[in-house]
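This report concerns only the one structure given below.
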Amino acid sequence: HAKNCGKNNAKLYSSSLTMQIMSHVQLEVGLRKALQNGELYLLYQPQIDVGSATIVSVEALVRWRHPERGIISPTEFIPLAEETGLIVPIGEWVLRTACQQARLWQHGDDRPLRIAVNLSAKQFKDENLSQIVQSALQDSGMPAGLLELELTEGTLMDDARATMQTLERLRSIGVYLSIDDFGTGYSSMNYLKRFNVSALKIDRSFITGLPQDSENAAITRAIIAMAHGLKLNVVAEGVETGEQLQMLEQYGCDMVQGYYLGHPSPPENIALMLANRPVLDGSDSARAGKFP
Ligand code: C2E
Ligand code: MG
Ligand code: MG
Ligand code: MG
């Protein structure tokens, strides 16, 4: 009897495992076609300069509108795209689409606006990366300095020698480089010094508990101080409340990003935000009541 029971369990188990594998395979098959079927699209989230309360950068965040499953988050399909190598063509599409979109927003506006694009480790290791970046800049007419590439510590620390070469190549193109999710990976301070990036983005997990969480507050302050010591800009991710913003302003954080300042949104919404950008005169009255 016990044997039977075991068999049944095994059968149950294997059938649910089959289901999992099936859906994984189906997802992969679907992802292969997603690009050509036009199922991927980008949302954009503003990054706000604390001192002037204006948008200085906009981050592109990919979404997949699956014909049966609805909208799938990048946290679900980017790892699959990485595993299968599909991230290379998908990433190129993101880069080109974001650059073209940024160019449209910029039309007739001389205030500089960066467009930020996330790069995965596979893309960073791709030997064609610098050509792809140059070609995306050329085709869109975007100045290199207005393209921000976000890399994680994991990507950078993987192979120090190759990383230095790739970073140098990207630097020589003139793009703005930032380290995303800073504080969650393993960064060697020694490499950080030599990497020559422009900005650190403090991971959302440190911002979430502010202002109450005194440990996260200490970490946040320390990252800001270190970044400034290294002459890097520092961005806080995941800012959801006015109190968090206030605290970050006190700490001297340069830029903020998060739901409090704007959710990831379709391009039309960003166009509206850009149209309503205040004209800065640098006076205190221009700064007063600047945030929502
Ligand atoms: P990330 O680059 O660190 O992006 C920030 C994530 O936090 C986004 O999630 C954003 O929607 C979310 N977020 C922003 N503000 C807040 C906030 O105030 N509160 C909370 N709770 N969340 C906030 P999303 O769009 O789901 O993207 C997740 C991750 O997927 C990204 O993290 C990035 O690592 C990856 N990803 C997204 N688009 C791409 C892409 O085009 N290429 C690559 N390689 N990765 C991408
Ligand atoms: Mg990012
Ligand atoms: Mg991040
Ligand atoms: Mg991330």
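Here are the numbers:
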| item | result |
| --- | --- |
| Failed item in (1) touching a residue at least 24 places away in the same chain (Cβ under 8 Å); (2) of a type outside the set (A, V, I, L, M, F, W, C); (3) not in a helix (DSSP H, G or I), with Arg63 passing the rest | (1) |
| Residues located in region 164-191, provided they are polar (S, T, N, Q) and either at pLDDT 95 or above or away from ligand 4 (no atom under 12 Å from the Cβ) (or both) | Gln165, Thr166, Ser172, Ser178, Ser187, Ser188, Asn190 |
| Region 141-169 residues that are within 20 Å of Ala60 (Cα to Cα), paired with ones that are of a type in the set (Phe, Trp, Tyr) and not in a strand (DSSP E or B) (beta carbon under 6 Å, 6 or more apart) | Thr155/Phe124 |
| Residues of region 226-264 satisfying the condition of being farther than 21 Å from Thr54 by Cα and in contact with a strand residue (DSSP E or B) (Cβ under 9 Å, 6 or more places away or on another chain) | Met226, Ala227, Leu230 |
| Subset of region 112-123 [over 15 Å from the mean Cα position of the chain (by Cα) and open to solvent by 40 Å² or more (accessible area, probe 1.4 Å)] | Pro112, Lys122 |
| Region 208-230, residues that are open to solvent by 60 Å² or more (accessible area, probe 1.4 Å) and in contact (Cβ under 8 Å) with a residue 40 or more places away in the chain | none |
| Residues of region 83-133 satisfying the condition of being within 16 Å of ligand 4 (Cβ to nearest atom), among the small types (Gly, Ala, Ser) and closer than 20 Å to Arg32 by Cα | Gly91, Ser120, Ala121 |
| Odd one out for Ile71 among (1) without any contact (Cβ under 8 Å) to a residue 24 or more places away in the chain; (2) out of contact with any helix residue (DSSP H, G or I) (no Cβ under 8 Å at 6 or more places or on another chain); (3) within 16 Å of ligand 4 (Cβ to nearest atom) | (3) |
| Residue satisfying condition, being at pLDDT 95 or above, open to solvent by 30 Å² or more (accessible area, probe 1.4 Å) and within 18 Å of Glu148 (Cα to Cα), within set Asn196, Asn233 | Asn233 |
| Tally of residues being over 14 Å from Val29 (Cα atoms), surrounded by 14 or more Cβ atoms within 10 Å (Cβ to Cβ) and away from ligand 3 (no atom under 16 Å from the Cβ) across region 64-80 | 2 |
| Some residue of region 131-143 being closer than 22 Å to Glu82 by Cα, open to solvent by 10 Å² or more (accessible area, probe 1.4 Å), within 13 Å of ligand 3 (Cβ to nearest atom) and not β-branched (Val, Ile, Thr) | no |
| Condition met for Arg221 (basic (Lys, Arg) and within 16 Å of ligand 4 (Cβ to nearest atom)) | no |
| Which listed residue, of Asp109, Asp126, Asp181, is out of contact with any strand residue (DSSP E or B) (no Cβ under 9 Å at 6 or more places or on another chain), surrounded by 14 or more Cβ atoms within 10 Å (Cβ to Cβ) and not small (Gly, Ala, Ser) | Asp126 |
| Test for Ala53: is it modelled with pLDDT of 95 or more, among the small types (Gly, Ala, Ser), closer than 23 Å to Val235 by Cα and open to solvent by less than 60 Å² (accessible area, probe 1.4 Å) | no |
| Residue in region 81-101 that is surrounded by 17 or more Cβ atoms within 10 Å (Cβ to Cβ) and outside any helix (DSSP H, G or I) present | yes |
| Qualifying residues in region 165-178 (those that are open to solvent by less than 40 Å² (accessible area, probe 1.4 Å) and either more than 21 Å from Leu129 (Cβ to Cβ) or of a type outside the set (Val, Ile, Thr) (or both)) - the one farthest from ligand 2 (Cβ to nearest atom) | Gly174 |
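The values are calculated or read from the model by the stated rules, or taken from the named source; none is laboratory data. The model shown is predicted, which means the values in this text are computed figures rather than measured ones. Glycine also receives a Cβ, built like all others from the backbone with ideal geometry; neighbour counts cover every protein chain displayed. Heads up: the accessible areas ignore ligands, DNA and RNA and are worked out on the full protein's heavy atoms, side chains in. Shrake-Rupley method; radii C 1.70, N 1.55, O 1.52, S 1.80 Å.
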